[in-house]
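Step one of this worksheet: look at the structure below.
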Amino acid sequence: MAAKFSQDDGDVVVIIGSGAGGGTLANALAKQGIRVVVLEAGKRFAMSDIENDEWAMFNKISWLDKRIATGSWDVARNHPNLPAWIVKAVGGSSMHWAGVALRFRDFEFRMRSENGDIKGANLLDWPVSYAEMEPWYVKAEKHMGVTGPSTGMPYHQWHNSFKVLASGAQRIGYKEILSGPMAINTQPYDERPGCMQAGFCMQGCRIGAKWSTLYTDIPRAEATGNCEVRPQSMALRIEHDARGRVNAVVYADAEGRQQRQKARVVCVAGNSIESPRLLLNSESSMFRDGLANSSGQVGRNYMCHTTAGIYAVMPKPVHMYRGTTVAGIISDESYNKPERGFVGGYRLEILSLGLPFMSAFLDPTPQGWGRTFASRMERYDHMSGVWLCGEDLPVESNRITLHASEKDQYGLPVPVVHKDDHAFDNAMRDHGVEQTRKCYEAVGATEVIRLPSYPASHNMGTNRMSARAADGVVNKWGQSHDIPNLFVSDGSQFTTSGGQNPTLTIVALALRQAEHIGKLFSQRAL
Amino acid sequence: MHDSSAPGAGLSRRRFMSLSAQSLALLGASAVASQLIPVTLLADEARPEALPELPAGLLRMGRDIFPHDRLGDLHYAKPLAALLDKQGALVREGLKALQGSARERHGQAFEALAENDRVALLRAIETGPFFREVRSALMFGIYDNKALFPLFGYEGSSVEKGGYVNRGFNDIDWL
């Protein structure tokens, strides 16, 4: 039975956001008997609202409030008002994610130590190691239902598109070829069914085979009686007391009225654009540069993975849309081998698009029309494609700022997302595209088409973890260096991006943070 | 489908358009039905008399942007007519300028030019708002049109059919 808390109840933990970070944290706190209010900006959808329709779901669940992309990255040119492809709904981007549940590799937690100082990058080691994270990864994998050793669930059967890619990969000598780990059930697990290979993972899984907080952590948190979820509640600013401890969150409700929820602890989990934006918008006479920002790092080091889309036209039909959208991963390049001309690694992940999205992303530049475009679309059913997911170096000037004059529907300054690719990012992207081309050509591709980056679904780093307060925003528990009862609980705490899809690490960090907050509560340290 | 989509004597073209759009939307709601639409029927439906009236050159421009020779004019004309309803001034003025360039450079109307001349004129305006609106309307009108999915080898919504787990997700046989 969902709880209902008074806005004057200053004993609750207020979590802003209900996605992989916030939703997981809410459940893990509520299960410890800690009382939680979740403020979610978006609506709450039912399973029956989920459709196998790319644009219908895009329009229904995407975060479409205005954002401005600047900088030399191709997203600023092709999607100037949609830098990020994330979700505004209960469940957050765990509705949209494709289920790839990869751990960071050991070296990815200490990129600075491995590679030294890299010119133009603001590289830093995480204050937490792989050894420390490993048990939390196992817990997260069991929690989410990740195929592979932690659950014993078999990996997905290879679908057509992955069979094509994998055959090519084998022919050019790649060895690490797997259709997982995926947080998509291959058999019934945790009261959710096995995957039916419907091919619409990123529109929200209609049957719940893919883990999302929408139908796992959120209702379970409510069932404890310790959690209240308030949809359509957009956090506007976090307030603090005279000692500099946060004590309330002001938010706009569904009718646009301002509400104020008192809080004992505030956990920010609004994804890597909204989380720093909220901290910056919460500036006060005591914290003139925004909350938790004595380091000046709030909003900085924005990372979104080094990516490209690559689609090959094969000699015969593939029907790539049949089957789990991203269940196919090639990992031979996922190591730190600076001799390739860049640091960190990347994975090649199979990724299918439906016909509507293919038309939008095949060539979103002004040149994307005419005979060449149309003839490629006519070979849609012959295509197989890859998405590159690689380490994106932290650069201090890649950052979220507040627009000087333009306001959104809540009266808040519109966020500006600035990014210039580091030279290593470009080198990695070229390398990954070339390796993908070799895979597909080894199985007879007649054409290999390089797409510009999609709007970023992996957004990281804008409230980063650091051992020293001067280098980042939060400590190894996601706790603000400046304000002990303020936490960051999403991917914005990532110190570096890794070459891994971020959700599993977000969930592992949230489970770990929940245990830590529980300890601090029992010690009366919060 | 064939009979019900034919324009009756008392129906204006606009009215037909609206009815036709509804029938397609209904079909679209049922992916089973959309897969059963025979290609010939789609072609037949695009008889010239069913076309909405469009300013000269607009249909030609639309066909040049996404040239699929297999698609009937109606599938271009419908989204273009809808765009005209929404952004009439932008489209008419943009088209007027395009026709002006065609006459200035070639002494003929845009639609009378050879394809490479038309494409060159369109390339020159591809970053402008008129071209971008037309392109966008057709992108949705053609590639997000459930009735046309089968022509591109796409099957659309699958969950109501049990996904593809028993329907060919791994049936590739030519590797």
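Quick note: the coordinates plus some simple rules give every number you see, no bench work behind them. This one's a predicted model, so the numbers in the text were calculated from it and none came from an experiment. Backbone-built Cβ (ideal geometry, glycine too); neighbour counts: all protein chains shown.
Counting the residues of region A:173-209 that are among the small types (Gly, Ala, Ser), more than 14 Å from residue B:164 (Cβ to Cβ) and buried (at least 24 other Cβ atoms within 10 Å of the Cβ) gives 2. Residues that are closer than 30 Å to residue A:316 by Cα and surrounded by fewer than 22 Cβ atoms within 10 Å (Cβ to Cβ) are absent from region A:126-148. Among helices (runs of 4 or more DSSP H) entirely within region A:99-201, having at least 1 residues that are under 23 Å from residue A:303 (Cα atoms) and of a type in the set (S, T, N, Q) singles out A:111-115. Picking from residues in region A:312-335 that are surrounded by fewer than 19 Cβ atoms within 10 Å (Cβ to Cβ) and over 24 Å from residue A:446 (Cβ atoms), the one that is farthest from the other protein chains (Cβ to nearest Cβ) is A:335. Checking A:105, A:35 one by one, the residue that is in contact with a Cys (Cβ under 8 Å, 6 or more places away or on another chain) and more than 14 Å from chain B (Cβ to nearest Cβ) is A:35 and no other. Scanning region A:496-514 for residues that are over 17 Å from residue A:144 (Cβ atoms) and either polar (S, T, N, Q) or in a helix (DSSP H, G or I) (or both) yields A:496, A:497. Residues of region A:37-84 that are surrounded by 21 or more Cβ atoms within 10 Å (Cβ to Cβ), of a type in the set (Val, Ile, Thr) and out of contact with any Asp or Glu (no Cβ under 8 Å at 6 or more places or on another chain): A:50, A:61, A:75.
If the condition is being among the aliphatic types (A, V, I, L, M) and touching a His at 6+ places or on another chain (Cβ under 9 Å), then region A:326-347 contributes only A:327. Being buried (at least 23 other Cβ atoms within 10 Å of the Cβ), away from every other protein chain (no Cβ under 14 Å) and of a type in the set (S, T, N, Q) holds for only one residue in A:233, A:212, and it is A:212.
Might you check whether a residue that is in a strand (DSSP E or B), touching a strand residue (DSSP E or B) at 6+ places or on another chain (Cβ under 8 Å) and among the aliphatic types (A, V, I, L, M) occurs anywhere in region A:218-231? Checked against the condition, which is being in a strand (DSSP E or B), touching a strand residue (DSSP E or B) at 6+ places or on another chain (Cβ under 8 Å) and among the aliphatic types (A, V, I, L, M), region A:218-231 yields at least one hit. Scan region A:155-192 for residues that are touching a Phe, Trp or Tyr at 6+ places or on another chain (Cβ under 7 Å), within 12 Å of another protein chain (Cβ to nearest Cβ) and over 21 Å from residue A:319 (Cβ atoms) and report the count. Qualifying residue count for the region: 0.
Could you tell me whether residue A:362 is within 14 Å of chain B (Cβ to nearest Cβ), in contact (Cβ under 8 Å) with a residue 12 or more places away in the chain and within 24 Å of the chain's Cα centre (by Cα)? For residue A:362, the condition - within 14 Å of chain B (Cβ to nearest Cβ), in contact (Cβ under 8 Å) with a residue 12 or more places away in the chain and within 24 Å of the chain's Cα centre (by Cα) - is met. Being in contact (Cβ under 8 Å) with a residue 60 or more places away in the chain and not acidic (Asp, Glu) is the requirement here; does residue B:136 meet it? No, not satisfied.
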